[in-house]
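Asker: Structure below; questions to follow.
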Amino acid sequence: MRRPNIILLMADQLTAFALENYGNRIVKAPNIASLSENGVTFESAYCNFPICAPSRYSLLSGRLPHAIKAFDNASEFAADQPTLLHYLRRLDYNTALSGKMHFVGPDQLHGYGERLNTDIYPADFAWVPNWKAGPRNAPTGISMRAVVEAGPCVRSLQLDYDEETAFLAKQKIYDLARSSSNQPFFLTVSFSHPHSPYTASQAHWDRYRHDDIDMPRTGAIPLKSLDTHSYWLYFSHGRDRIEVTHEHVRNARHAYYGMVSYVDDKVGELMEVLRQTKLLHDAIIIFTSDHGEMLGERGMWYKQTFFESASRVPLIISGPGIRKGHRVDRNVSLVDLMPTILSLANDGKVDVDTPLDGSDLADLACGGTVEGSDLIVSEYSDMGVCAPCRMIREGDFKYIYVHRHESMLFDLRKDPLEHENLSGRPESAEIESRLRTALLNDWDPEAISQQILESQAGRELIWAVTKDASQRDNWSYEARKGDKQRYVRGGGDAEGTVAVKGRARFPYVPPTPLAEPKAMPFDVAYAGEPPGGGKKMTSKSLKA
């Protein structure tokens with residue numbers, strides 16, 4: 001029996017809550033909704049690290065990020081780590097990648113037999129964070145400019161990139177259809193939309209009436225009431241340096257919804273090419289994102305947090321043998337995709353020689369059931385925090401651990417907006433103790449802290465002495481001449497993401513001035529004592 005062709009479609013920074021099939025009644029994304037109608041929708045899917053590179057490493061390796069030293073967006077993905085692609089090639093798959101994967105390090109393939117274009121972000125150590133510099137440390141230059149400058153555009157850096165990504169992917173499908181080989185293929189098509197900045201094409205902006213754009217369900221939380229993780233991100237994102245108004249929020253959400261519709265259009269184009277080439281009827285289609293987007297919920301933007309908007313992702317699988325219109329409410333995560341894809345490719349067998357942290361979801365996708373715990377794990381240790389953080393969800397409960405700082409516990413069935421922190425309450429003691437034990441069982445935060453600090457120091461040294469070298473090799477994949485200079489290659493606001501994306505936007509929008517940073521109310525030591533001179537922050541109810 002011939003193995004199925006498999007197409008992995010990825011968006012970047014797409015929260016599940018921005019899709020019709022996950023309950024959104026405003027966003028227009030009919031092609032993604034069609035995938036859901038013709039396949040299985042995992043209603044409770046999570047990323048394993050709410051930022052780009054480590055999340056993708058986890059997806060492709062089947063390992064949790066800290067297990068493979070994927071600490072941040074400048075962590076090298078080791079060449080000796082077997083990936084899904086290596087195992088698929090052992091099954092005689094043709095493997096190709098069009099679009100973003102954010103590999104860092106000299107190996108820019110990790111088992112893919114072919115890359116059709118370069119990546120959009122740095123492949124070297126330009127974005128290495130520094131916990132010792134405190135939570136304001138942000139090597140990407142992230143700020144609230146993306147929110148206050150949101151709106152329509154004629155062209156943007158991400159439109160440049162995603163147009164190329166879609167074109168090359170469609171051409172690859174035509175080439176595969178014309179091939180005389182009977183070799184099955186695994187094609188990844190990975191878009192940069194709807195990642196910030198929030199700049200939609202005019203056509204996609206115009207699909208929505210501005211007054212119809214909904215506002216965040218939970219407003220901004222007062223600074224004094226923030227948990228430590230959110231408090232750190234408040235200053236890392238520079239929320240004290242730009243005033244974000246009600247209209248800024250609506251503009252950013254409007255643009256984001258337009259960007260989601262853009263991704264949906266590209267999905268539709270790819271599906272049409274698969275139909276035209278007679279490849280769709282026996283192909284398995286997987287649609288997901290690397291992480292979500294806060295989109296103004298709780299006053300927060302971007303990702304880097306375990307709150308639902310940032311950590312929940314869409315996950316849809318359709319194709320032969322997959323139950324149509326099926327919905328699964330069991331907790332799953334992206335680390336499950338490697339064993340699931342291998343199972344779908346190999347008649348139910350997950351034949352690997354190296355450890356896996358994920359579970360095979362193929363039976364669930366086909367309408368079956370799975371016994372045992374539905375526990376999932378997500379980790380975070382990139383810029384914006386000063387200690388290793390971990391989240392665990394089992395059943396309805398989510399437990400969030402920030403090393404040496406206060407924890408949070410939510411009952412998501414009763415409290416889906418995460419307003420009521422149950423941590424420390426006597427009536428929640430049993431479930432909190434059980435989840436904390438499970439979270440720490442295979443994860444030593446003290447050892448992880450030391451590893452991360454040593455890794456940051458080493459990579460920071462390498463970056464410091466190589467970033468200005470006239471012959472610097474930034475490891476970017478070269479699909480065509482000039483790729484090592486194309487898109488975002490540097491670090492920091494002056495030469496990094498913000499400036500490069502700003503210059504590429506047409507018409508040009510001058511950058512909004514940043515106010516001088518305000519003094520932080522608490523001195524927060526890296527990986528150290530709680531804020532307030534050792535006074536532990538107490539759990540609070542947002543309803544109060």
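Asker: Is it the case, given these coordinates, that residue 324 is open to solvent by 10 Å² or more (accessible area, probe 1.4 Å), more than 18 Å from residue 37 (Cβ to Cβ) and basic (Lys, Arg)? Walk me through it before giving the result.
Answerer: Details: open to solvent by 10 Å² or more (accessible area, probe 1.4 Å): yes; more than 18 Å from residue 37 (Cβ to Cβ): no; basic (Lys, Arg): yes.
So residue 324 fails the test.
Asker: Can you tell me which residue is most open to solvent (accessible area, probe 1.4 Å) among those in the stretch 422-460 that are under 23 Å from residue 375 (Cα atoms), under 25 Å from the mean Cα position of the chain (by Cα) and in contact (Cβ under 8 Å) with a residue 12 or more places away in the chain?
Answerer: 436
Asker: Given the condition touching a Gly at 6+ places or on another chain (Cβ under 8 Å), at pLDDT 95 or above, buried (at least 22 other Cβ atoms within 10 Å of the Cβ) and of a type in the set (Val, Ile, Thr), answer yes or no: does some residue in the stretch 252-269 qualify?
Answerer: no
Asker: Condition check: more than 25 Å from residue 380 (Cα to Cα), more than 23 Å from the chain's Cα centre (by Cα) and surrounded by 12 or more Cβ atoms within 10 Å (Cβ to Cβ). Does residue 501 satisfy that?
Answerer: Working: more than 25 Å from residue 380 (Cα to Cα): yes; more than 23 Å from the chain's Cα centre (by Cα): no; surrounded by 12 or more Cβ atoms within 10 Å (Cβ to Cβ): yes.
Judged against the criteria, residue 501 is not a match.
Asker: Restricting to the stretch 145-183, name every residue that is in a loop (DSSP other than H, G, I, E, B) and surrounded by fewer than 20 Cβ atoms within 10 Å (Cβ to Cβ). Break it down into steps so the answer makes sense when it comes.
Answerer: Applying the first criterion (in a loop (DSSP other than H, G, I, E, B)) to the stretch 145-183 yields 149-150, 154, 156, 179-183.
Passing the criteria: 154, 179, 180, 181, 182, 183.
Asker: Looking at the stretch 1-19, can you tell me whether even one residue there is of a type in the set (A, V, I, L, M, F, W, C), open to solvent by 10 Å² or more (accessible area, probe 1.4 Å) and not in a strand (DSSP E or B)? Before the answer, list the steps.
Answerer: Looking only at the stretch 1-19, we keep the residues that are of a type in the set (A, V, I, L, M, F, W, C), and these are 1, 6-11, 14, 16-19.
Right, trim to open to solvent by 10 Å² or more (accessible area, probe 1.4 Å) and you get 1, 17.
Next, from what is left, pick out any that are not in a strand (DSSP E or B): 1, 17.
Checked the stretch 1-19: at least one residue is of a type in the set (A, V, I, L, M, F, W, C), open to solvent by 10 Å² or more (accessible area, probe 1.4 Å) and not in a strand (DSSP E or B).
Asker: Further question on the same structure: Quick one: which helices (runs of 4 or more DSSP H) sit completely within the stretch 281-382 and have at least 3 residues that are in contact (Cβ under 8 Å) with a residue 24 or more places away in the chain, among the aromatic types (Phe, Trp, Tyr) and touching a Cys at 6+ places or on another chain (Cβ under 6 Å)? If you could, list the steps in order and put the result at the bottom.
Answerer: Numbers: elements: 308-311, 337-345, 362-365.
Here the list is empty.
Asker: Need pairs with beta-carbon distance below 9 Å; first residue among the β-branched types (Val, Ile, Thr) and within the stretch 159-176, second surrounded by fewer than 19 Cβ atoms within 10 Å (Cβ to Cβ) and outside any helix (DSSP H, G or I); sequence gap 6+ or separate chains.
Answerer: Matching pairs, first to second residue: 173/277; 173/279.
Asker: Could you count how many residues in the stretch 34-77 are open to solvent by 10 Å² or more (accessible area, probe 1.4 Å), farther than 30 Å from residue 265 by Cα and not in a loop (DSSP other than H, G, I, E, B)?
Answerer: Residues in the stretch 34-77 being open to solvent by 10 Å² or more (accessible area, probe 1.4 Å), farther than 30 Å from residue 265 by Cα and not in a loop (DSSP other than H, G, I, E, B): 3 in total.
Asker: Kindly evaluate residue 429 against the criterion of being hydrophobic (A, V, I, L, M, F, W, C) and either at pLDDT below 95 or within 28 Å of residue 356 (Cβ to Cβ) (or both). Walk me through it before giving the result.
Answerer: Details: hydrophobic (A, V, I, L, M, F, W, C): yes; either at pLDDT below 95 or within 28 Å of residue 356 (Cβ to Cβ) (or both): no.
No, not satisfied.
Asker: Also, I was wondering about something else. For residue 463, only one of the following conditions fails: (1) open to solvent by 60 Å² or more (accessible area, probe 1.4 Å); (2) at pLDDT 90 or above. What is its number?
Answerer: Looking at each condition in turn, residue 463 falls short on (1).
Asker: All but one of (1) hydroxyl-bearing (Ser, Thr, Tyr); (2) modelled with pLDDT of 95 or more; (3) surrounded by fewer than 16 Cβ atoms within 10 Å (Cβ to Cβ) hold for residue 381; which doesn't?
Answerer: Result: residue 381 passes all but (3).
Asker: What do you reckon, is residue 88 in contact with a Phe, Trp or Tyr (Cβ under 8 Å, 6 or more places away or on another chain) and either in a helix (DSSP H, G or I) or among the hydroxyl-bearing types (Ser, Thr, Tyr) (or both)?
Answerer: Values: in contact with a Phe, Trp or Tyr (Cβ under 8 Å, 6 or more places away or on another chain): yes; either in a helix (DSSP H, G or I) or among the hydroxyl-bearing types (Ser, Thr, Tyr) (or both): yes.
Yes.
The values are calculated or read from the model by the stated rules, or taken from the named source; none is laboratory data. Everything numeric in this text was worked out from a predicted model, so none of it was measured. A quick note on method: Cβ atoms are made from the backbone with ideal geometry, for glycine too, and the neighbour counts reach across all protein chains shown. These area figures cover heavy atoms from the full protein model, side chains too; ligands, DNA and RNA do not enter into them. Shrake-Rupley method; radii C 1.70, N 1.55, O 1.52, S 1.80 Å.
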